[in-house]
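Have a look at the structure below, then the notes.
Readers should treat all values here as calculations from the given coordinates under stated rules, not as data from a laboratory. On a predicted model such as this, the values are computed, not experimentally measured, just so you know. Neighbour counts are summed over all protein chains in view; Cβ atoms, including those assigned to glycine, are modelled from backbone coordinates with ideal geometry.
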Amino acid sequence: MDDYVDPTSSPGEGPGYDAGIAADPFGNIYGSGYDNLASGVDIWFTRRSTDGGVSWSTVDSFSGGQKYSPYPTAIATDAGGNVYVVGVTNYTWLVRKGTVDGSGGISWANVDNFTSSDGPCYANGLFCHPSLGVFVVGQRDVVLTKRGGKGYVWTVRRSQNGGATWTTVDTFQLDSSLESEAQGVGGDSSGNIYVVGGARQTYHGASTFHWIVRKSSDGGQSWQTVDNFQPSQSVHNSTA
């Protein structure tokens, strides 16, 4: 549908739709990704089609003037047609929101710059629920309680007012001495929210990686692990 190459892309590089594609309730299609420009500036971009994919235009080109490249990881739209793109820039968890006006124009703002004093934060996925809010999942650096040092911890953040304010609603580790990370999020028609990812656990002195699903039945107020899958204790890598 869209064979897009920015004329200022670095030779041999070109863009990729790394963050995926989404459609709003009014039939507009959005795709978001990353591009490396010949000028040395890295950007994340969002493109839109208002005619079912026949034609496309770039509606956001974001660099932020950051030292470390902006990189989008997921895109979604809400019931009002607003667009959210999440990712990382300068080792910071970033949520950008595109607000559409009555004439079809769209304006963009950074609505969550989530940082940790312990180190990098990464946003990996998002889901816009029609009544419960916007959920963004990923991981943040913390000091691991048992072994010391730093590692990633599964993190879920939620906004109930269109991105104006955000709250961390879940932080999870399977083993307090090891890393965990949330990768994706979705919901069902009953209002349950599901987050999937992976977490490490110590087994007989070795580190095994588990596929984890966590569920909230109350809009993100409380969470429980509903699937902890590790196919074999001899297998060290299972990822969601």
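Residue exposure proxy: Val169, Val95, ordered by other Cβ atoms within 10 angstrom of their Cβ from fewest to most, comes out as Val169, Val95. Basic side chains Lys and Arg get +1 at the Cβ, acidic Asp and Glu get -1 at the Cβ, and with that the dipole of the stretch 1-114 about its Cα centre reaches some 260 debye. In terms of surrounding Cβ atoms within a 10 Å radius of their Cβ, Leu174, Leu126 rank from fewest to most as Leu174, Leu126. Only Cα pairs under 8 Å and 6+ residues apart enter the sum, and on that basis the relative contact order of the chain stands at 10 percent. Label zone of Lys150 (point 7 Å out along Cα→Cβ, amide N under 16 Å): in the stretch 166-205 this covers 178-180.
Size descriptors for the chain (Cα atoms only): Rg and Dmax, in that order, 18.7, 62 Å. Taking amide hydrogens as placed 1.01 Å from N in the peptide plane, the amide H of Glu179 sits under 5 Å from those of Arg200, each at least 5 positions away in sequence or on another chain.
When Ile106, Ile193 are sorted by how many other C-beta atoms sit within 10 angstrom of their C-beta, beginning with the fewest, the order is Ile106, Ile193.
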